[in-house]
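To start, the structure under review is shown below, and the notes come after it.
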Amino acid sequence: LKRADAIVGTTPIYLAESPFLQDFQDKTICLPIGIEGIHPDDEKAQALRDQYPGKKIIFSLGRLVPYKGYRYLVEAASYFPDDYVVLIGGSGPLKEEHQAMIDSLGLGDKVKLLGFVPDEMMSTLYGACDVFCLSSVQKTEAFAIVQIEAMSCGKPVVATKIPESGVSWVNADGESGVNVEIENPEAIAGAIQTVLSPDNYTRFSAGALRRFNENFLDSRMIDGCLKIYSDLR
């Protein structure tokens, strides 16, 4: 760190709150991760929606491991009305534990563990969902590219305020979605219902797509990276 001319991080929060960078803040540069936007096939997305007729679909994607906090998303489903369904894509060591929790809470109709999701299916799930939810609880989740994948499809995000993590910066509270305290199922459920209300949804959807285009395009990341090298010549 002493020898470095520049220290690059993906979010300003991660840079500012890192205990290792407190003496090197003047060297830090924020370069958010950028991706090529996802463009779901409308027919495939509608076919998936047709499997859950009349339902509002909440989608989450990630490994079934402790830091993802899926137990809190599962519990949040108990606060939803019957026209909500949570689809969780991904595999991992906690699958049986999460399924047992779903069964014990009687949430089999409201929460579905989809298992491993192949690449060609992910865009369909993003296209079919109404809201993307990130329930992670530890700063191991530093950025969460899944958030910007959802935003690129114009899908609002409900995420968590993880201490020392950039997750809540990526999802701009009140613009692209809503951020809530970690480990709080009731807050997750309330935020999702707030985003999905008819008075809010169009605004959040437009805000999510706008935030993606303004901050997380791959072309912006590439230009920013080239500028860092150019400025250090």
Item to check | Unique residue being part of a loop (DSSP other than H, G, I, E, B) and small (Gly, Ala, Ser) when the list is GLY37, GLY89 | outcome: GLY37
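Can LEU61 be described as of a type outside the set (D, E, K, R), touching a residue at least 12 places away in the same chain (Cβ under 8 Å), out of contact with any Cys (no Cβ under 8 Å at 6 or more places or on another chain) and within 16 Å of MET122 (Cβ to Cβ)?
On the way: of a type outside the set (D, E, K, R): yes; touching a residue at least 12 places away in the same chain (Cβ under 8 Å): yes; out of contact with any Cys (no Cβ under 8 Å at 6 or more places or on another chain): yes; within 16 Å of MET122 (Cβ to Cβ): yes.
For LEU61, the condition - of a type outside the set (D, E, K, R), touching a residue at least 12 places away in the same chain (Cβ under 8 Å), out of contact with any Cys (no Cβ under 8 Å at 6 or more places or on another chain) and within 16 Å of MET122 (Cβ to Cβ) - is met.
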Checklist entry - Since ILE7 meets every condition but one in (1) under 19 Å from VAL117 (Cα atoms); (2) more than 16 Å from the chain's Cα centre (by Cα); (3) among the β-branched types (Val, Ile, Thr), which condition does it not meet? => result (1)
Checklist entry - Can you spot a residue in the stretch 110-126 that is in contact with a strand residue (DSSP E or B) (Cβ under 6 Å, 6 or more places away or on another chain), acidic (Asp, Glu) and within 29 Å of ASP41 (Cα to Cα)? => result no
Checklist entry - If you go through the stretch 219-230, how many residues are touching a residue at least 60 places away in the same chain (Cβ under 8 Å) and either assigned to a loop (DSSP other than H, G, I, E, B) or open to solvent by less than 100 Å² (accessible area, probe 1.4 Å) (or both)? => result 6
Checklist entry - How many residues are of a type outside the set (Lys, Arg), more than 19 Å from SER205 (Cα to Cα) and in a helix (DSSP H, G or I) if we restrict to the stretch 40-67? => result 5
Next on the checklist: Any residue that is in contact with a Leu (Cβ under 6 Å, 6 or more places away or on another chain), of a type outside the set (Phe, Trp, Tyr) and on the phi > 0 side of the Ramachandran plot - is there at least one of those in the stretch 149-167?
Outcome noted: yes
Checklist entry - Which residue pairs have Cβ atoms under 7 Å apart, sit 6 or more places apart or on different chains, and have a first residue in the stretch 38-57 that is over 22 Å from SER197 (Cα atoms) and a second that is part of a helix (DSSP H, G or I) and modelled with pLDDT under 95? => result none
Checklist entry - For the stretch 146-156, does any single residue satisfy the condition of being over 15 Å from PHE59 (Cα atoms) and open to solvent by 10 Å² or more (accessible area, probe 1.4 Å)? => result no
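Of all residues being polar (S, T, N, Q) and outside any loop (DSSP other than H, G, I, E, B) in the stretch 123-145, which is most open to solvent (accessible area, probe 1.4 Å)? Just the residue, please.
Step one: filter the stretch 123-145 for residues polar (S, T, N, Q), giving 123-124, 135-136, 138, 140.
From the residues that got through so far, the ones that are outside any loop (DSSP other than H, G, I, E, B) too are 123-124.
Values: SER123: 32, THR124: 10 Å².
Ranking the candidates gives SER123 first.
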Checklist entry - Counting only residues that are modelled with pLDDT of 95 or more and not hydrophobic (A, V, I, L, M, F, W, C), which one in the stretch 8-23 is farthest from GLU141 (Cα to Cα)? => result ASP23
Checklist outcome for this item: Among ASP42, ASP26, ASP5, ASP103, the single one that is of a type in the set (D, E, K, R), surrounded by fewer than 13 Cβ atoms within 10 Å (Cβ to Cβ) and either under 13 Å from CYS129 (Cα atoms) or modelled with pLDDT under 95 (or both) is ASP42
Next on the checklist: Every residue in the stretch 8-23 that is part of a loop (DSSP other than H, G, I, E, B) and surrounded by fewer than 16 Cβ atoms within 10 Å (Cβ to Cβ), please.
Outcome noted: PRO19, PHE20, GLN22, ASP23
Item to check | Single condition ALA191 does not satisfy, out of (1) among the hydrophobic types (A, V, I, L, M, F, W, C); (2) open to solvent by 10 Å² or more (accessible area, probe 1.4 Å); (3) assigned to a helix (DSSP H, G or I) | outcome: (2)
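The values are calculated or read from the model by the stated rules, or taken from the named source; none is laboratory data. Here the structure is a predicted model, which means the values were calculated and not measured. Positions of Cβ are generated from backbone atoms using ideal geometry, with glycine treated the same way; all protein chains shown enter the neighbour counts. Quick note on the areas: whole protein, heavy atoms, side chains included, nothing else; ligands and nucleic acids left out. Shrake-Rupley method; radii C 1.70, N 1.55, O 1.52, S 1.80 Å.
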